[in-house]
1. Kindly sort 204, 81, 21, 159 by accessible area of their heavy atoms, largest first, with the probe set to 1.4 Å.
2. Quick one: dipole size for the range 145-217, taken about the Cα centre, charges +1 on Lys/Arg Cβ and -1 on Asp/Glu Cβ, in debye to the nearest 20.
3. Rounded, prolate or oblate: which one fits the range 7-128, using the alpha carbon gyration tensor with axes a ≥ b ≥ c (rounded when a/c is under 1.5, else prolate when a/b beats b/c, else oblate)?
4. Would you list 148, 68 from the most to the least accessible area, probe 1.4 Å?
5. Could I have the simple spin-label model distance between residue 167 and residue 72, label points 7 Å from Cα toward Cβ, reported in nm to one decimal?
6. Using the charge dipole of the range 53-92 (Lys, Arg: +1 at Cβ; Asp, Glu: -1 at Cβ; taken about the Cα centre), state which of 85, 68, 53 has its Cα farthest towards the positive end.
7. With an 8 Å Cα cut-off and a minimum separation of 6 or more residues, compute the relative contact order for the range 74-217 in percent.
8. For the chain, what does -39500 (n - 2.57) per DSSP helix run (n ≥ 4), summed and divided by total residues, give at 222 nm, in deg cm²/dmol to the nearest 500?
Amino acid sequence: GSEMCIRDSSRGIVVVADNTFATPYLQSPLLLGADVSLNSCTKYIGGHSDVVQGAICLNDKELYDHYYLIAKSTGANPGPFDSYLALRGLKTLKIRVDAASRNAIVIANFLRDHPKIRKVIFPGFKEHPGHEICKKQMRGYGAMISLYVNGGLEEAKRFLENVSIFTLAESLGGVESLIESPALMTHASVPAEKRKELNIEDDFIRISVGIEDIEDQ
């Protein structure tokens, strides 16, 4: 939270916030005291799963000059068309995030009450450990949901094989709803024991809720 940013900045620690899931629309890390705010423009800012890009936003001129020199020297800069796609997506960020967030609340509540779901992780729930912080410094709960199905890897596979509307894919933040198994996909290269330490169990599933009509979902 902002208190942590102030405390760490006073110690000379550079505070970096990855704002990709929250989006600049729902949270403003630099206004909360962070020195650097990171966004994967591939996700919500682009919003249409058709651009690969990232953005670093800074409050500090010295840090800005440092990163600018690196980007200029190494050529790690997006092309004109990639920039056009990101700027195009930025124009509809608000309406897309609003729609996805509304859908996420409905889906999270549906899943929480489902007998085949062991646990749902969503910051909009009061029992979520980050709920109060989220209420204090964000303008919404976002559209990312995590859940644990009853069973193990086979049950998780069966769950993924039987969804409709949702696309089985690793990304997030697009207009379409995506679903994935971290154990089989994004974190498949992480050793099983390390995944367990991170609470990425075999029955763990991640959902990026899109903007489809909620009656379809």
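The values are calculated or read from the model by the stated rules, or taken from the named source; none is laboratory data. Keep in mind that what you see is a predicted model, and the values were worked out from it rather than measured. We place every Cβ from the backbone using ideal geometry, glycine too, and count neighbours over all the protein chains shown. Only protein heavy atoms, including side chains, enter the accessible area calculation; ligands, DNA and RNA are left aside. Shrake-Rupley method; radii C 1.70, N 1.55, O 1.52, S 1.80 Å.
1. Accessible-area ranking of 204, 81, 21, 159, largest first: 81, 21, 159, 204.
2. Result for the range 145-217 is approximately 340 debye, rounded to the nearest 20.
3. It comes out oblate by the Cα gyration axes.
4. Correct descending sequence by accessible area is 68, 148.
5. 3.8 nm
6. Looking along the dipole axis, the top candidate is 85.
7. Reported relative contact order: 25 percent.
8. Taken over the chain, the calculation gives -11000 deg cm²/dmol.
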